[in-house]
Amino acid sequence: MKAAIVQKAGQTPVYGDFQEPTPTAGENRISVTAAAISQVVKSRASGQHYSSSGQFPFVVGIDGVGRLDDGRRVYFILPKAPYGSMAERVVLPAAHCLAVPDDLDDVTAAAIANPGMSSWAAYAERARLKVGETVLVNGATGTAGRLAVQIAKHLGAKKVIATGRNVEALRSVAALGADVTIQLGGDETVLEARFKEQFAEGIDVVIDYLWGKSAECLLIAGAKAGAEAVPIRFVQIGAVSGSDIALPSAVLRSSAIELMGSGLGSVPRERFIRSIDGLLRAAKPGGFQIATKAVPLLEVEQAWPQDDSTRRTVFTV
């Protein structure tokens, strides 16, 4: 079968032939129609993601949309290595497949599932977001962050605060429902003051896609807001700005901050899949907006390096 294949760690996937998987008892065979690039997919291709198998060569991609042998349309996730979603066919356990709502097209379903699931699972499984609470999305101008703002509102957040570096991008996030926007970068003292102002008014949940300096500043500002402040559930999802921070121990001792992560390993697989089901069902009724670019799979080598955070590249088969 034809597939996007990573031959060695760090190499761009190439379009070529790969042995076709054979379903066993309890598995579905799926003819793939759409599969999207994500940060996890890129990191696995580089061999650096914590969930990487370390097995080469392999077919890239962790999820997608396709059709079962009986014609039913499904979203699927986590094919077993060395197989991936960017191929003509995959096989997966039935439990890893979800029906795609009739009102959601293949490209949108493939594009929205992974970035939307990151915040949906964080809100539902880790932060336990309640209706009427206030959410801060750190790194809200990328695809996942923009969805995190929309999903927070859909799940009942009273107020959503969005951070990002690009002023124009922050304006577009405000149009999606962010009540307050804060530009990152510049004078750290000024940034900390803005964070402290918001924490003083009450922030219940922080969803962090960046880590690095902005996360440091948020945690310190949250602690400095005072012991009487509302307890903060800080959920770490991504590390776009760096994998490490310098966190003074007093931040956690002097505050009611609950620091946790959300990802494969911190949330059981079946509950991640349940989160995706909720997301897909809510996508149209919730009016979630996501920018996409559909590209034929045979152009994977040319399109891969052009992918960016402003829209999701979806390979069609």
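FYI, it's all coordinate maths here, none of it is from the lab. Just so you know, these numbers come straight off a predicted model, no measurement behind them. Positions of Cβ are generated from backbone atoms using ideal geometry, with glycine treated the same way; all protein chains shown enter the neighbour counts.
Within the same chain, aspartates and glutamates fewer than 8 places from residue 213 are excluded, and of the rest, those with a Cα less than 19 Å from its Cα are 187, 188, 192, 197, 244, 258. Give me the angle, in degrees from 0 to 90, between the Cα long axis of helix 269-283 and the longest principal axis of the Cα atoms of the chain, rounded to the nearest 10. Computed tilt is about 80 degrees. Over the stretch 1-125, the hull volume per residue, using the convex hull of the C-alpha atoms, is 109 Å³.
Bridgeable lysines around residue 284 (alpha carbons under 27 Å apart, same-chain partners fewer than 8 residues away excluded): 130, 153, 158, 159, 293. With K and R counted +1 and D and E -1, the other residues having a Cβ less than 14 Å from that of residue 186 yield a net charge of 0. Of 15, 209, 123, the residue with the greatest mean-square motion in the GNM of the chain, using alpha carbon springs below 10 Å, is 15. Placing unit charges on the Cβ atoms only, positive for Lys and Arg and negative for Asp and Glu, gives the stretch 117-261 a dipole magnitude near 320 debye about its Cα centre. Toward the positive end of the charge dipole of the chain, with +1 on the Cβ of Lys and Arg and -1 on the Cβ of Asp and Glu, the farthest Cα among 6, 36, 127 is that of 127.
Near residue 58, once Lys and Arg are set to +1 and Asp and Glu to -1 for all other residues with Cβ below 13 Å from its Cβ, the sum equals +3.
For the chain, the share of DSSP beta bridges that are antiparallel, to the nearest 5, is 50%. Using Cα centres only, tell me the gap between the stretch 93-140 and the stretch 170-241 in whole Å. The two parts, judged by their Cα centres, are 22 Å apart. Straight-line reach from residue 8: taking Cα to Cα under 17 Å and skipping same-chain neighbours fewer than 8 places apart, the lysines in range are 42. At the listed q of 0.13, 0.19 Å⁻¹, the Debye profile of the stretch 62-203, built from one uniform point per Cα, gives log10 I(q)/I(0) equal to -0.68, -1.07.
Axis of helix 143-154 versus longest Cα principal axis of the chain: the two differ by about 70°, to the nearest ten degrees. Across the stretch 99-113, computed HN-Hα scalar couplings (Karplus, 6.51 cos²θ - 1.76 cosθ + 1.60, θ = phi - 60°) run 5, 8, x, 4, 8, 10, 6, 4, 5, 5, 4, 5, 6, 8, 4 Hz from first to last residue, x flagging Gly and Pro.
Rounded to the nearest 500, the helix-only mean residue ellipticity at 222 nm of the chain stands at -9000 deg cm²/dmol, with each DSSP H run of n ≥ 4 adding -39,500 (n - 2.57).
Charges were assigned to the Cβ only: +1 to each Lys and Arg, -1 to each Asp and Glu. The resulting dipole of the chain about its Cα centre is roughly 300 debye. Seen against the Cα atoms of the chain and their longest principal axis, helix 212-224 is set at about 40 degrees.
What the Cα atoms of the stretch 117-261 give is an Rg and a Dmax of 13.5, 38 Å.
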